[in-house]
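For reference, the structure discussed in these notes is given below.
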Amino acid sequence: VQLQASGGGLVQAGGSLRLSCTFSGRSFGNYNMGWFRQAPGKEREFVAAITWNGGSTYYSDSGKDRFTISRDGAKNTVSLQMNSLQPEDAAVYYCAAARWISSNPSKDAMEYWGKGTQVTVSS
């Protein structure tokens, strides 16, 4: 499995960004997808996840109400729409894939990782 994330950048506080991740190498429909982030000096943390069929979505406390995860089976992509961004959201964001996930997956539960995309939020 190969995962390629894109869409990061610099945004002012209160602004929005949309991250995308392209999946290849296996059948996209067999995998649950997630977004994680890692700020300097901190552990990689869960942000959002979506099940293999898009039937369920899960969010961290920091992501719910502001972030929306979605997937497009025709394009083999998973997206993360982030609104009302704050400086504390600044991090490298990673997409990940796993055949099985819980509602609050740990990074150790994910099987495949893409290279991250940097999100910077200016105050």
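Key figures
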item	result
Residue check, ARG18 open to solvent by 50 Å² or more (accessible area, probe 1.4 Å), among the basic types (Lys, Arg) and part of a strand (DSSP E or B)	yes
Any chance VAL11 is open to solvent by less than 30 Å² (accessible area, probe 1.4 Å), over 12 Å from THR117 (Cβ atoms), at pLDDT 95 or above and aliphatic (A, V, I, L, M)	yes
Qualifying residue in the range 25-46 (condition: closer than 15 Å to SER79 by Cα, of a type in the set (Lys, Arg) and either in contact with a Lys or Arg (Cβ under 8 Å, 6 or more places away or on another chain) or assigned to a strand (DSSP E or B) (or both))	yes
Conditions (1) of a type outside the set (Phe, Trp, Tyr); (2) loosely packed, with under 14 Cβ neighbours inside 10 Å; (3) under 16 Å from GLY116 (Cα atoms); number of the one not met by GLY25	(3)
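The values are calculated or read from the model by the stated rules, or taken from the named source; none is laboratory data. Just so it is clear, the model here is predicted, and its values are computed rather than measured. Using ideal geometry, Cβ is built from the backbone for each residue, glycine included, and neighbour counts are taken over all protein chains shown. Each accessible area value is taken on the protein alone, full model and side chains, heavy atoms only, with ligands, DNA and RNA left out. Shrake-Rupley method; radii C 1.70, N 1.55, O 1.52, S 1.80 Å.
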